[in-house]
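Trainee: Input: one structure, supplied below.
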Amino acid sequence: MSLIQIRSAAAALSGAVAVLWLSPAYPHAVCGARIFPATLAIDDPGVLDELTLPTVSWVPYNSDGAEEWDASFSWTKTITPGLSVVIGDGPTWTRPGGYGWDGLDTELQWQALCIPDAEFMFKVGFDVGWAGTGTGINAASGRQNSYTPLVDAGLGFGTLPPALKYLRPLAITAEFSTTAPGYDWVNGTPYVTTFNWGFTLQYSLPYFNSQLAAIDNDFVKHLVPIAEFAFQTPIHNGGAAGQTTTGYFQPGVIYEADKWQIALEALVPMTGATGHGVGVIGSLDFYLDDIPNRIDEPIFPHGLGIAPGI
């Protein structure tokens, strides 16, 4: 590497560190002029106070050939401006099969970086699925804890040149994680470790309205057409458990208001092991940061001084 390249890399790193220390946390998932909406298959790249209640999905034939309904909620609470905890749970109905509650799920999230001029942000997290908290048809799958380190990132296309200005409302987000059980085998039963990955393509009409040209239709200017892709690939014990890659393609639309959003997407199986037939998923999200209440502020609004944003 030449001296000029080394100096350029050092300058870029210094700039990134400065942004990391100085960038505040935002309501919604905001970085510069870009708002990343809450998405359904993967998480958005921001840390904020948020309540998702409910998320409801239906598929005609799941991986076991049964009709399945799922309902869930999650509450994200900021501890400091850049650190939050997420609590989630919800029931599942299958026919044939029965009913049961999922195991309790918690996640710690840290807003690692936001570069406003680049409309780029990402966060890291660590998720735990708690053993013994599932019921009914979900009790067997929760006999031990599961652990999921993850990364969520988002990039807006707002830096494109004027000749490509109509592509500026585009954005991509992505998530990468691995989910591992506490033990590979329990009483002769294999437990699978998976690599989970997904991404979204979204075209923000709110961004178009604020950055390019005014949209006269008050309904249309709040829409974000979106396509999501989410997959799970076994990387350990998949063969022993008879599991292969599963995943969905989820085209849909999000209506993004100031204090809430509603999303609706199709569930299109991408592999035979995922299931058959097109399902549907929808959610209602409330941005507690923007709704006057007594729980919308970080518990430690000035941070703890441990690390940037913490």
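The values are calculated or read from the model by the stated rules, or taken from the named source; none is laboratory data. From a predicted model like this one, the values you see are computed outputs, not experimental measurements. Glycine gets a Cβ as well: all are built from the backbone with ideal geometry, and neighbour counts include every protein chain shown. In case anyone asks, the SASA skips ligands and DNA or RNA and just uses the protein heavy atoms, side chains included. Shrake-Rupley method; radii C 1.70, N 1.55, O 1.52, S 1.80 Å.
Trainee: Among the residues that make up the range 21-39, is at least one of them within 30 Å of Gln243 (Cα to Cα), at pLDDT 50 or above and crowded, with 19+ Cβ neighbours inside 10 Å?
Mentor: yes
Trainee: Also, I was wondering about something else. Residues that are open to solvent by 50 Å² or more (accessible area, probe 1.4 Å) and more than 18 Å from Thr55 (Cα to Cα): list the strands (runs of 3 or more DSSP E) wholly contained in the range 221-308 that include at least 3 such residues.
Mentor: 223-236
Trainee: Give the range 103-123 a look and list any residue that's free of Cβ contacts under 8 Å to residues at least 60 places away in the same chain, open to solvent by 50 Å² or more (accessible area, probe 1.4 Å) and assigned to a strand (DSSP E or B), or say none.
Mentor: The answer is Asp105, Leu108.
Trainee: Being on the phi < 0 side of the Ramachandran plot and either open to solvent by 30 Å² or more (accessible area, probe 1.4 Å) or among the hydroxyl-bearing types (Ser, Thr, Tyr) (or both) is the filter here; which residues of the range 90-102 pass it?
Mentor: Thr92, Trp93, Thr94, Arg95, Pro96, Tyr99, Trp101, Asp102
Trainee: Now a separate question. Of all residues in the range 167-189, which are modelled with pLDDT of 95 or more, more than 16 Å from Pro234 (Cα to Cα) and aliphatic (A, V, I, L, M)?
Mentor: Leu167, Leu170, Ala171, Ile172, Ala174, listed by residue number.
Trainee: Can you name every residue in the range 57-86 that is within 20 Å of the chain's Cα centre (by Cα) and open to solvent by 60 Å² or more (accessible area, probe 1.4 Å)?
Mentor: Trp58, Phe73, Trp75
Trainee: While we're on this one: Consider the range 89-102. How many of its residues are assigned to a strand (DSSP E or B) and either of a type in the set (Asp, Glu) or in contact (Cβ under 8 Å) with a residue 24 or more places away in the chain (or both)?
Mentor: Count: 9.
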